[in-house]
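Please read the structure below before turning to the comments.
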Amino acid sequence: MTVNRLIKRLDGDDRVELLRSVRDADVSPYFRVMESATAPVVQVEGVDKIMLGSNNYLGLADHPDIKRGAREALDTFGSAITGSRLLNGTMDLHLELENEIAEWHRTEGAMVFTTGYQTNVGTISAVVGKQDVIVVDSAAHASIRDGSQLSGARIRKFAHNDLQDLEAKLQEPVDGDSAVLVIVDGLYSMEGDLAPLDEITALCTKYGAALMVDEAHSLGVYGDRLTGAAELFGTENDTDIRMASLSKSPSSTGGFIAGSNDLLDTLRIHARAFLFTTSGVPAAVGASLASVRLIRSDEGRQRADRVLHNAETLRKGLADAGLDVGARSRTPGGDTASPIVSLHVGDDLVAMSLWRTLFDRGIFTSAALHPAVPRDGALLRLCAMASHTDSHIRTAIETITDTVAESRAELPS
């Protein structure tokens with residue numbers, strides 16, 4: 001009898017067995033079930049929790065204007081377009097959204113993808129080929145790494161935010177006709193630290209490399225116009241490819257590239273993740289358009305200021321209690337907090353236990369374990385929202401500090 005090796009291989013994967021064991025013990029921090037809108041307090045599996053695990057930085061997920069934008073798009077276009085952007089999947093809403101983004105970013109144009117993941121995978125694999133070189137931060141998002149692999153280019157990783165290592169990688173020889181693309185996140189989603197884009201841009205200019213910045217987590221938070229980290233560092237005009245997600249601060253689904261017409265037309269022809277996937281559902285596009293317009297308003301600025309205030313309060317409260325929340329990020333104007341506060345734990349099992357205790361005490365956090373972070377680099381990822389009240393933040397600080405203190409007391413000396 002022949003053996004189906006592929007299916008047989010599925011029975012015995014160590015990581016699958018680990019998932020099953022922690023799921024059976026009900027200590028898994030993953031795939032928990034949300035039963036209400038993403039707000040400062042969310043009902044999770046029948047119990048209200050203060051939400052510190054969401055990328056809803058500006059608190060727009062349940063904003064009436066954003067829900068109205070989604071509802072109007074749903075009423076006009078129905079539940080789905082059922083086609084790719086190439087064929088019948090481009091709505092006038094897409095064009096409004098792309099024009100709004102281009103005006104906001106002061107670029108020649110913009111192009112909206114169905115998801116942020118597809119934006120990175122499609123863009124990188126479309127503009128870089130096997131003859132080229134990609135130099136990428138070791139902490140870059142999985143979609144960046146996957147797009148880099150798919151491109152077939154030679155990949156050189158540099159140590160996270162290490163400018164000396166970046167320069168060393170740029171100094172390595174390349175073939176005569178090879179192009180070099182440096183890819184970084186504006187704000188890193190695990191540690192919550194900013195890329196030093198002024199110095200990175202200077203190195204790209206020095207060595208003739210193109211630069212792509214993923215602003216997924218910095219959009220709507222940084223810069224005078226709230227377009228992200230590149231604007232904060234004054235390097236937006238020197239950034240060749242500007243990418244962002246519509247699923248974090250804008251609280252919808254999708255992603256976009258803002259840039260030159262040459263770049264965008266290249267993507268329209270070569271980005272397979274754009275050409276061969278169904279267009280985003282109308283409600284998501286309508287919500288995105290309403291979100292972008294709100295972020296560009298006075299209310300958007302107020303919400304950006306508020307989320308950084310809440311993040312600073314949360315970070316300071318934990319740091320004052322002796323907890324390791326990492327370093328602040330340098331900016332041209334000094335340093336800054338981030339909406340993402342990383343509580344460093346170290347051991348995966350300790351982090352999982354801490355997550356569960358906080359969950360039981362009414363605080364929802366995100367656990368980042370290996371391989372999402374380096375070995376012995378487990379952390380709890382805490383995200384502030386503009387809509388958190390002072391009381392929410394105080395309760396979170398007290399609960400987290402008390403829980404960590406108890407866990408330390410239980411460890412053998």
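The values are calculated or read from the model by the stated rules, or taken from the named source; none is laboratory data. None of these values were measured; they are calculated from a predicted model. Note: ideal-geometry Cβ built from the backbone for every residue, glycine included; neighbour counts use all protein chains shown. Just the protein is used for accessible areas: all its heavy atoms, side chains included, with ligands, DNA and RNA removed. Shrake-Rupley method; radii C 1.70, N 1.55, O 1.52, S 1.80 Å.
Worth pointing out:
- Using just its DSSP H runs of length 4 or more, each adding -39500 (n - 2.57), the chain gives a mean residue ellipticity at 222 nm of -13000 deg cm²/dmol after division by all residues.
- Summing charges over all other residues whose Cβ lies under 13 Å from the Cβ of His94, with Lys and Arg as +1 and Asp and Glu as -1, gives -2.
- Accessible solvent surface per residue of the chain, calculated while the other protein chains remain in place, 1.4 angstrom probe, Å²: 46
- Translational D in µm²/s for the range 64-296 (Stokes-Einstein at 25 °C, 0.890 mPa s, Kirkwood Rh from C-alpha pairs): 138
- Span from the the range 192-210 Cα centroid across to the the range 29-106 one, whole angstrom: 32
- Of the beta bridges in the chain, as assigned by DSSP with both residues counted there, near 60 percent are antiparallel.
- To the nearest 10, the accessible area of Asp62 is 60 Å² with a 1.4 Å probe.
- Peptides 135-144, 219-228, 349-358, 33-42 ordered by average Cβ neighbours within 10 Å, highest first: 219-228, 135-144, 349-358, 33-42
- Counted by Cβ distance under 14 Å from Ile397, the other residues give a net charge of -1, where Lys and Arg count +1 and Asp and Glu count -1.
- Think of the range 64-296 as a dipole: +1 on every Lys or Arg Cβ, -1 on every Asp or Glu Cβ, centred on the Cα centre; then among Ser251, Val285, Phe77, Phe77 lies furthest on the positive end.
- Ordering of 107-119, 247-259, 152-164 by burial proxy (mean other Cβ atoms within 10 Å per residue, highest first): 247-259, 107-119, 152-164
- Spatial offset of the range 113-154 relative to the range 348-413 amounts to 32 Å, using the alpha carbon center of each.
- Whole-Å distance, taken between Cα centres, linking the range 158-191 and the range 250-297: 26
- The structure-derived value of Kirkwood radius over Cα pairs in Å appears in the list [x] 22.4; [y] 21.5; [z] 23.9 under the label [x].
- Magnitude of the charge dipole for the chain, about its Cα centre and with charges confined to Cβ atoms of Lys, Arg (+1) and Asp, Glu (-1), is about 760 debye.
- Electrostatic dipole magnitude of the range 161-314 [Cβ: Lys, Arg +1; Asp, Glu -1; Cα centre; debye, to 20]: 900
- Share of carbon and sulfur in the accessible heavy-atom surface of the chain [1.4 Å probe, %]: 50
- Straight-line cross-link reach from Lys67 at under 16 Å between alpha-carbon atoms covers these lysines, not counting any fewer than eight positions away in the same chain: Lys248.
- Here the relative contact order of the range 314-413, from alpha carbon pairs under 8 Å that lie six or more residues apart, stands at 29 percent.
- Assigned charges on the beta-carbon of Lys, Arg, Asp, Glu; the range 177-230 dipole about Cα centre (debye): 140
- Based on Cα contacts under 8 Å between residues 6+ apart, the range 1-91 shows a relative contact order of 12 percent.
- Formal net charge of residues neighbouring Ser151 (Cβ-Cβ distance under 12 Å; K, R +1; D, E -1): +2
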